[in-house]
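Since the structure comes first, as structure tokens, the remarks are kept for the end.
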């Protein structure tokens with residue numbers, strides 16, 4: 001009996017030592033592509049019982065670790081997709097949603113957010129282990145681990161049916177690696193061999209944000225204008241804003257692409273394309289223009305617009321057009337009087353409603369003609385125009401389709 005106890009103690013010690021050393025390694029050895037996942041407890045979950053679950057329990061399948069938090073809109077928006085992919089592939093894959101956030105914050109999110117309430121995948125909270133293995137700064141952040149080996153590190157847009165099937169089939173992973181710790185040098189010329197006064201239209205720059213700026217050389221008397229990782233319509237908007245400032249930011253529903261049909265994909269993402277992240281990699285552009293400082297006021301910006309037009313073979317400009325809009329206006333219906341019970345829901349201003357509609361392509365531009373600066377309380381309308389109208393009419397307002405002259409960004413063939 002004593003011998004058996006000793007053997008059991010030795011086995012227990014070996015197991016514990018293995019797990020402890022793995023946890024220690026998490027703090028000091030981040031994994032890259034080709035790294036082998038150590039064995040450790042996957043963490044505390046508020047949606048599934050993972051108390052005795054170790055990382056090596058998933059070594060027989062594709063493990064997708066989705067880092068997220070409750071402040072990341074893109075993370076939340078991808079949750080229904082992850083749910084459906086888990087259902088589609090079943091036991092061939094396992095998707096874990098991992099966050100550093102505390103339990104109370106995540107539970108509040110699940111209770112209040114309809115996407116969170118309907119999310120069925122394991123949510124690991126208060127994580128330190130996974131994050132130390134796969135450090136990052138920007139969310140979403142996704143790690144692909146197939147049979148215990150790290151195969152890819154990407155953003156969430158690459159988590160698609162086609163890419164998952166490719167991994168399961170044993171095909172090489174050719175997805176761009178997401179690395180938040182490689183700094184892009186915005187001050188460096190795109191082409192170090194180019195002439196002093198130059199124009200360079202380039203593609204997507206890895207490890208760089210969407211950003212523009214100006215660097216000046218007062219000795220040689222020139223300025224370098226750079227624009228990194230822009231969708232083409234947004235780049236035109238930045239340029240034209242310097243020429244004629246707008247009282248509205250760039251709005252997707254105020255863009256008209258009027259090019260040959262086969263060129264549409266170059267200027268505008270469509271869901272039929274698939275991964276938006278992949279579309280960005282293939283269609284975002286970076287522009288560098290070096291001009292003499294003899295240009296004054298808006299002249300450099302007009303020159304850059306001319307350069308971009310010529311490079312793309314289009315004419316990009318803002319112009320006023322009569323357009324069907326959603327108009328917020330006062331209604332002829334009687335307002336709610338003081339004896340009526342106020343609607344329950346969220347307090348909003350007219351500009352909040354305008355914001356929700358303007359930053360999507362589902363509806364036309366929104367014009368606020370109410371002159372009302374206060375707040376009203378309305379139920380969630382879930383992007384349903386009829387539900388919103390009913391709530392607005394309760395307070396003596398309405399939202400209707402009417403034609404108005406608005407300024408829109410037009411990109412047309414030359």
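Nothing in this text is a laboratory measurement; each read-out follows from the coordinates by a stated rule. On a predicted model such as this, the values are computed, not experimentally measured, just so you know. Using ideal geometry, Cβ is built from the backbone for each residue, glycine included, and neighbour counts are taken over all protein chains shown.
Residues of the stretch 111-152 falling in the label zone of residue 360, defined by backbone nitrogen less than 15 Å from a point 7 Å along Cα to beta-carbon, are 114-115. Remark: C-alpha extents of the stretch 48-121 on the principal axes read 35, 26, 17 Å, sorted largest to smallest.
Where only DSSP H runs of four or more residues are counted, the chain gives -9500 deg cm²/dmol as its mean residue ellipticity at 222 nm, each run worth -39500 (n - 2.57).
If R0 is taken as 60 Å, the Cβ-Cβ distance between residue 322 and residue 149 corresponds to a FRET efficiency of 0.50. Modelled this way, with points 7 Å down the Cα-to-C-beta line, the labels at residue 238 and residue 380 are 3.5 nm from one another. Projecting label points 7 angstrom from Cα along Cα→Cβ for residue 272 and residue 349 puts them 4.0 nm apart. Listing 141, 56 from fewest to most neighbouring C-beta atoms within 10 Å gives 56, 141. When the convex hull of its Cα atoms is viewed from all sides, the stretch 199-312 shows a mean projected area of 8.2 nm². Computed over the chain, the convex hull of the alpha-carbon atoms projects to a mean area of 29.3 nm². Summarising the overall dimensions of the stretch 321-409 from its C-alpha atoms, the Rg and Dmax are 13.2, 47 angstrom. Listed by Cβ neighbour count within 10 Å, with the fewest neighbours leading, 294, 55, 380 appear as 294, 380, 55.
Rank the residues 404, 216 as a footprinting-exposure proxy: fewest other Cβ atoms within 10 Å of their Cβ go first. Provide the component values of the computation, followed by the final result.
On the way: 404 15, 216 11.
Starting with the residue having the fewest Cβ neighbours, the order is 216, 404.
Shown here is the pair-distance distribution of the stretch 96-232: with all Cα-Cα distances grouped in 5 Å bins from zero up to the longest one, the shares run 2, 7, 13, 15, 13, 13, 12, 9, 6, 5, 3, 2, 0 percent.
Distance between the pseudo-spin-label points of residue 264 and residue 412 (7 Å out from Cα toward the beta carbon): 1.8 nm.
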